[in-house]
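See below for the structure under consideration.
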Amino acid sequence: MPSSAAARPPQAFSLKAWGGRGPVPAAVLLAITALGAMLSFYRIGALSFWTDEICTMMFISHPLRELIHILWPTQMNMVLYYYLVYFWHHILPHSSDGALRAISAAFSIAAIPAVYCFARTISSDKTIATATGFGAALLLSLNGYRVQFAQELRSYSLALLLVTLSSLFLVKAIQKPQSAKFWVAYVLASTAGVYAHLFVGFVILAHAISLLAPLAKHPRGFPLKRAIVSYLAIALLISPLVVATRLTGTATIAWVTAPTLADIVETGVLLTGDQGNELLILFLLAIGIGIAASRKNPEPNIEGYGTVYLSIVCLVLPMTLTLILSYAYRPIFVNRYFVFLQPFLVTLASYGIAKLVVDSSTILKLAGAALFTGLMVLSAVGVANQFNGREKEDWRGVTRFLRAECAGPEDLRLYAPVWTRFYPGYYDYGLDPGEAAAGRVPEDPDAEQLARLASRSYREVCLVASPLGDRSASDAVRSVIRASYPNVTVSRFAGEMEVDVYTR
């Protein structure tokens, strides 16, 4: 008789539920994370801060004691990120754009091993679990949309990390219902996630709805009291944000338009890596395989509750609710507001491939390998396109141009939209916002304003036009200026920025 040790099958992936301690798996995860880090930091400071990033810097430029008064109530979305960037900026004063963006890169990189841990909860079979974890981590690491926001001074990478941790803690809390530490961790991560971005609240709602399944199947074993207390705690902790949102309404997103079918498809394309419909189709195919496999052979590791089910609910419900609100109440559907749904996307796709490669016939194994290869190749192309083709509003270039061409005492600078007149001041404090009276020209040009503009003889008038503005307003101010300054030279910059220089 062989010994019991000899009878055991070899366990190439002997990992713990939190990621394992084996040297080979740890090295693989480290390599995947290092790849994600390299992509996150590559040319991180090459592009200028765009409008939203300059807003971040304008907020945190105030003293700490004044910051909450600046943010309350209209700018409370991303409030946690603003405070973190405030301290980061004071650790690295007078830093470059890239150094400041490094905090977002760090959050985005940390999300890669977090996604690995979350994806591993999908199966009690260690081989399936580890394969899914590695696949999800690699898909996230190579996701061009993730890389884009790893290089932005905005809160999307922080929200991505916190949503992943929150989902992981929830699964652990259901797996070990008698352990209070996971519920506490879930409350903290979920609350922080909502303070990182208000739309994370849709994910937390999806979490709560997903718990109805295990509650219905195993009511006696379900930790109902802990769940109720946890969600009451989250509600209490985020109540200041709820008040701020009610006071502000939708004023801060008044620029959002009602989503079309093309917008919805584009969101799917972006979330899967921003490499066209081909990559989206491959992701949908892998996800469909994973869902079908989970229905055929439900995973028994979580009583009545599976990571596949959780991921589906968290992927579908937030977007569905946002669409309903956009059509029934006020448009709030914005592509980048869903970047933190990526953990569920890559987990489901990786699980489908893992089931093909591990538990299928030779032909299906080859099909799974081909599908995974296709995802990797297209994802890599998507990342390359992020570096080669992505543009942001080039306020850095515009500011240099204004300093060189339109900064004299006899020059007038106008801005369309008018609220962008403060933005060049971030890169050059010597560029004042311009004359207040003339700055109102884009809003409603009339004869009186035309007379005011013509009453003083400027050497030249420079109009800075941002793509965020109303095109009709920009055209209106152009017509006003041309009446007195008929000669115009147009200079264009990345991100559809434009500076028109008018002379007599």
ask   = In this structure, does Leu356 turn out to be in contact (Cβ under 8 Å) with a residue 24 or more places away in the chain and either touching a strand residue (DSSP E or B) at 6+ places or on another chain (Cβ under 9 Å) or farther than 16 Å from Leu140 by Cβ (or both)?
value = yes
query = In segment 59-86, how many are part of a helix (DSSP H, G or I) and within 20 Å of Arg146 (Cβ to Cβ)?
reply = 4
query = If you take the residues in segment 178-194 that are hydroxyl-bearing (Ser, Thr, Tyr) and touching a residue at least 24 places away in the same chain (Cβ under 8 Å), which one is farthest from Tyr83 (Cα to Cα)?
reply = Tyr186
key: Checklist (1) under 20 Å from Pro113 (Cβ atoms); (2) out of contact with any Gly (no Cβ under 6 Å at 6 or more places or on another chain) applied to Ser350, failing item   = (2)
query = Across segment 109-149, which residue is farthest from Ser167 (Cα to Cα) among those that are among the charged types (D, E, K, R) and surrounded by 24 or more Cβ atoms within 10 Å (Cβ to Cβ)?
reply = Arg146
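Okay, residues lined up against (1) in the same structural domain as Tyr82 (by TED's automatic domain parsing); (2) surrounded by fewer than 24 Cβ atoms within 10 Å (Cβ to Cβ); (3) farther than 25 Å from Tyr83 by Cα:
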| residue | (1), (2), (3) |
| --- | --- |
| Ala159 | yes, no, no |
| Leu170 | yes, no, yes |
| Lys176 | yes, yes, yes |
| His218 | yes, yes, yes |
| Gly221 | yes, yes, yes |
| Arg226 | yes, yes, yes |
ask   = Can you list the helices (runs of 4 or more DSSP H) found entirely within segment 326-412 that contain at least 3 residues being among the hydroxyl-bearing types (Ser, Thr, Tyr)?
value = 342-359, 362-389
ask   = Quick one: how many residues across segment 140-193 are more than 30 Å from Phe49 (Cα to Cα), of a type in the set (Lys, Arg) and within 17 Å of the chain's Cα centre (by Cα)?
value = 0
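The values are calculated or read from the model by the stated rules, or taken from the named source; none is laboratory data. All of these numbers come straight from a predicted model, not from anything done at the bench. No Cβ is skipped: glycine too gets one built from the backbone with ideal geometry, and neighbour counts run over all protein chains shown.
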